[in-house]
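Colleague: Questions regarding the structure given below will be posed in turn.
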Amino acid sequence: MVRRLTLSILAGLAPFAFSAAQAADYSPPPVYAPPPPVEEFAGGWYLRGDIGFSNQQVDSLWNTNYNNFSSVTNVDKSFDAAPTFGIGIGYNVNDWFRVDVTGEYRAKANFHGLDVGRLPDGSCMSGPPCYASDRYTASKSEWLFLLNGYVDLGTWANITPFIGAGIGTSRNTISNFGDFSTCNDSSNCAGSGGSDAYAGSASKWQFAWALYAGVGYKVTKNTTIEFAYRYVDLGNAQSGDIARFDGTNNYYNPTEFRHLTSHDLRLGVRMNFDAFDTRPAYYAPPPVYAPPPVYQPAPVYPPLHSKG
């Protein structure tokens with residue numbers, strides 16, 4: 001009786017043992033883990049183009065004729081706004097620092113100046129005080145070449161604020177210079193430089209430097225639109241030798257423009273060289289799965305019968 005009971009239990013457990021053995025041999029399909037996302041970095045070289053407007057100032061004017069006056073006051077020394085046009089090539093060193101070299105033509109800005117000078121007492125026939133004024137007109141233009149570095153301060157919604165600085169050189173040109181003098185004592189104006197005069201064009205190379213602040217907006221992976229403010233120090237400039245309209249000139253006396261600066265507003269576009277990359281895009285290979293396991297049917301055993 002005990003033997004029959006034992007054999008019956010073993011026969012009933014046999015299918016479960018076979019299934020367990022089959023399950024032990026089962027290997028789950030491999031799980032494909034996608035590669036981590038590649039951090040986007042628009043590295044490498046880029047081209048840039050910029051347009052803008054200048055807002056220029058000059059600290060002071062100087063002419064050797066000022067020595068004829070006991071005092072001279074610059075009443076007006078202003079420039080009209082003028083367009084600027086620039087191109088450049090640069091390199092993204094990493095995702096926060098970039099450098100570029102730029103060349104820029106700064107178009108002619110009209111200049112308006114007015115000096116009032118007091119002549120020494122006793123130099124006027126009508127008695128003191130005796131004043132003379134000089135009204136100036138001119139045009140100023142530059143070729144500006146800079147090596148610049150920029151620090152990008154982070155990106156939010158494709159907008160990247162940045163700051164920068166640059167050093168280089170500027171070729172400053174003064175042209176169409178005119179000097180129109182008047183005096184409150186006409187009998188003595190000729191002796192103190194009171195007349196109309198002109199000067200030819202003159203150019204001067206000067207050390208230049210600049211500071212930048214702006215924002216860039218990433219339109220596509222390889223194209224960024226940039227809006228920036230720039231402060232630029234252009235050094236000095238001077239006119240040609242000033243002569244009267246009759247061509248006479250007793251000495252060399254150009255007018256000097258001392259310490260020229262400008263507050264510029266600029267709109268630019270940066271185009272990464274990656275835009276011209278013709279290599280095919282890389283895609284991860286599809287995952288490979290193991291075939292599903294094949295299960296064998298459990299054996300069926302006949303019931304055991306006792307001999308007794």
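The values are calculated or read from the model by the stated rules, or taken from the named source; none is laboratory data. No experiment lies behind these values; they were computed from the predicted model shown. Quick reminder, even Gly has a Cβ in these numbers, built from the backbone with ideal geometry, and neighbours come from all protein chains shown.
Colleague: Just to be sure before I move on: is Gly235 modelled with pLDDT of 95 or more and at positive phi in the structure I sent?
Modeller: The answer is yes for Gly235.
Colleague: Let me ask another. Has segment 256-265 got at least one residue that is over 30 Å from Asp134 (Cβ atoms) and modelled with pLDDT of 95 or more? Outline the logic, then answer.
Modeller: Applying the first criterion (over 30 Å from Asp134 (Cβ atoms)) to segment 256-265 yields 265.
Next, only the ones that are modelled with pLDDT of 95 or more stay: 265.
Scanning segment 256-265, I find at least one residue that is over 30 Å from Asp134 (Cβ atoms) and modelled with pLDDT of 95 or more, so the answer is yes.
Colleague: Taking segment 146-168, which residues are crowded, with 18+ Cβ neighbours inside 10 Å and either without any contact (Cβ under 8 Å) to a residue 12 or more places away in the chain or under 28 Å from Phe111 (Cβ atoms) (or both)?
Modeller: Passing the criteria: Leu146, Asn148, Gly166, Gly168.
Colleague: Something else about it: So if I check each of Asn249, Asn253, which one is in contact with a helix residue (DSSP H, G or I) (Cβ under 6 Å, 6 or more places away or on another chain), part of a loop (DSSP other than H, G, I, E, B) and modelled with pLDDT under 95?
Modeller: Details: Asn249 fails: in contact with a helix residue (DSSP H, G or I) (Cβ under 6 Å, 6 or more places away or on another chain).
Result: Asn253 is the single residue among Asn249, Asn253 that is in contact with a helix residue (DSSP H, G or I) (Cβ under 6 Å, 6 or more places away or on another chain), part of a loop (DSSP other than H, G, I, E, B) and modelled with pLDDT under 95.
Colleague: Can I ask one more? Are any of the residues in segment 179-192 modelled with pLDDT of 85 or more and surrounded by fewer than 18 Cβ atoms within 10 Å (Cβ to Cβ)?
Modeller: Quick first cut of segment 179-192, residues modelled with pLDDT of 85 or more only: 179-180.
After this cut, where a residue has to be surrounded by fewer than 18 Cβ atoms within 10 Å (Cβ to Cβ) as well, the list is 180.
Yes - at least one qualifying residue is present in segment 179-192.
Colleague: Pairs, please: C-beta under 6 Å, at least 6 apart or cross-chain, first residue within 13 Å of Thr255 (Cα to Cα) and in segment 59-72, second assigned to a strand (DSSP E or B) and β-branched (Val, Ile, Thr)?
Modeller: Correct list of pairs: Tyr66/Val72.
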